[in-house]
Amino acid sequence: LSAEDPAVAPRRARPLPLVCSAPRDGAPGEEAAAAARRDRRPPREGTVLLFPGQGSHFVGMGRGLLRYPGVRDMYRLAEKVLGYDLLSLCLEGPRAELDRTQHCQPAVFVASLAAVEKLNHRQPDVLESCVAAAGYSVGEFAALVFAGAMDFAEALYAVKVRAEAMQKASEAVPSGMLSVIGRPEANYKFACLEARRHCELLGIENPVCEISNYLFPDSRVIAGHLQALKFLQENARKYYFTRTKMLPVSGAFHTRLMEPAVEPLAEVLKCTEIQKPLICVYSNVDSKKYMHSKHIQKLLVKQIVSPVLWEQTMHSVYERKQGTEFPYTYEVGPGKQLGAVLKKCNLKAWRQYSHVDVSEDEEVTKT
């Protein structure tokens, strides 16, 4: 299936319509496209798009997007790629099915790009002036589609394979993820080390307990064997954790417990056409800009077993000289979690933040 099939194709998400229409790979027009990409807009005139990840989903998401051109076509194409009615699952549930990794990752991916279509309809200038994008975990695939690096249908199929493989890996070992907020003196890595030693005393071989997500200063997600996470909760005061909460996910994502999911994704990405993004897209793995197609292919695979460096990514996206204005930022997709994290990472950048709602047909909301 191809998103370019005129019979079923949604309009492709466009970061810079004039640039995207230019031929690639040195063809005529590439020089103009490159010049457009190098255009140094005043910072406030540039925009940044953030794409959420798993855990932001909810029953009813997408309801406010169906009136916009191309959105129903996106869901029709998704049904062909996935083999089930994603739109009905998003709108009606049941919640238990939508919560499953194999379903919620494609659901968030499609809803986020559908939110881009809403933004394009209501404020096309936001997309035309977009200079950077970043996606949290599976949101990185949506960011890359938006940036013109991947085809919608091919990226969705890769997400499908990724989600199913991660679901299977999750079911192999009782594991999970623990959200932690700590005091400045908290030593997360030492706490993980002691949790692993505790698991070894219980007879667990090669226990896993490690930081899987860097969210904002003094906030981490720790993932691994359930026994290790229980140990950390019971000893929270010892490690200077002020709050701990188990996340509603079935496995230890972004740790080595996800290694069984690496090969399936690597194989499908070998058959996926990937191009250099037309705007800056930042990787979860190293918080740096993607440089070329092989770089994207390599890091998307590595991301499954590597911590998400979201706090570091926010610093990379918004780093600027003192006194320079911050760009307008739009979170496209379900939930406002990335906005909340941005507020903790960079209050000045957050003041230019808006959310594109996916549940009700409302104006883009300033938060």
Taking 0.36 nm per residue of separation between L347 and R122 and subtracting their Cα-Cα distance, the length gained on full extension comes to 78.4 nm
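Please report, in debye to the nearest 20, how large the charge dipole of the chain is about its Cα centre when each Lys and Arg carries +1 at its beta carbon and each Asp and Glu carries -1 there.
On the way: 47 positive and 42 negative charges, 227 e Å.
It works out to roughly 1080 debye.
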Lys/Arg +1, Asp/Glu -1 at C-beta; the chain dipole; positive extreme among T47, A142, N187:
N187
Got a sec? Charge dipole of region 229-367, +1 on Cβ for Lys and Arg, -1 for Asp and Glu; which of S354, A252, N235 is way out at the positive end?
N235
Helical mean residue ellipticity (222 nm; -39500 (n - 2.57) per DSSP H run of 4+; nearest 500) of the chain
-12500 deg cm²/dmol
Shape verdict for region 116-221, please, from the Cα gyration tensor: rounded (a/c under 1.5), prolate (a/b greater than b/c) or oblate.
oblate
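Mind checking the per residue accessible area of the chain for me, 1.4 Å probe, whole number of Å²?
Details: 16160 Å² over 367 residues.
It amounts to 44 Å² per residue over the chain.
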Cross-link table K288/K336; K245/K336; K238/K336; K294/K343; K245/K321, entries beyond 27 Å C-alpha to C-alpha
K238/K336; K294/K343; K245/K321
Once the piece of chain linking R67 and Y84 is laid out straight, how much longer is it, given 0.36 nm per residue of separation minus the C-alpha distance between them?
4.0 nm
Residue ranges of DSSP H helices in the chain that stretch 18 Å or more (Cα, own long axis) and have mean Kyte-Doolittle hydropathy of at least -1.0 are 101-122, 152-172, 188-201
Report in % the part of the accessible area of region 128-175 that belongs to carbon and sulfur, leaving out ligands and nucleic acids; probe 1.4 Å.
55 percent
Applying 1/(1 + (r/R0)^6) with R0 = 22 Å to the Cβ-Cβ distance of R243 and H315, what FRET efficiency is obtained, to the nearest 0.05?
0.40
Which value, in Å² and to the nearest 10, is the accessible area of V317 when all protein chains are kept and the probe is 1.4 Å?
10 Å²
In vacuo Debye scattering of the chain, one point per C-alpha: log10 I(q)/I(0) at q = 0.12 Å⁻¹?
-0.87
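Tell me, what is the percent relative contact order of the chain, built from C-alpha pairs under 8 Å that lie six or more residues apart? Display every interim value, and only then the final one.
Values: 775 pairs, mean separation 83.1, N = 367.
Relative CO of the chain lands at 23 percent.
Between N187 and A340, what is 0.36 nm times their sequence separation minus the Cα-Cα distance? Round to one decimal in nm. Display every interim value, and only then the final one.
Numbers: separation 153, 0.36 × 153 = 55.08 nm, distance 2.36 nm.
Result for the pair: 52.7 nm of gain on full extension.
So in the chain, what percent of DSSP beta bridges are antiparallel if you round to the nearest 5? If you can, show how the numbers build up before the last one.
Details: 22 of 40 bridges.
Expressed as a percentage, antiparallel bridges in the chain total about 55.
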I'd like the distance separating the alpha-carbon centroids of region 57-131 and region 215-238, in whole Å.
32 Å
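The values are calculated or read from the model by the stated rules, or taken from the named source; none is laboratory data. Owing to the predicted nature of the structure, the values given are computational and were not obtained by experimental measurement. Because the Cβ atoms are built from the backbone with ideal geometry, glycine has one as well, and the counts that use them run over all protein chains shown. Heavy atoms of the whole protein, side chains included, go into the accessibility calculation; ligands, DNA and RNA do not. Shrake-Rupley method; radii C 1.70, N 1.55, O 1.52, S 1.80 Å.
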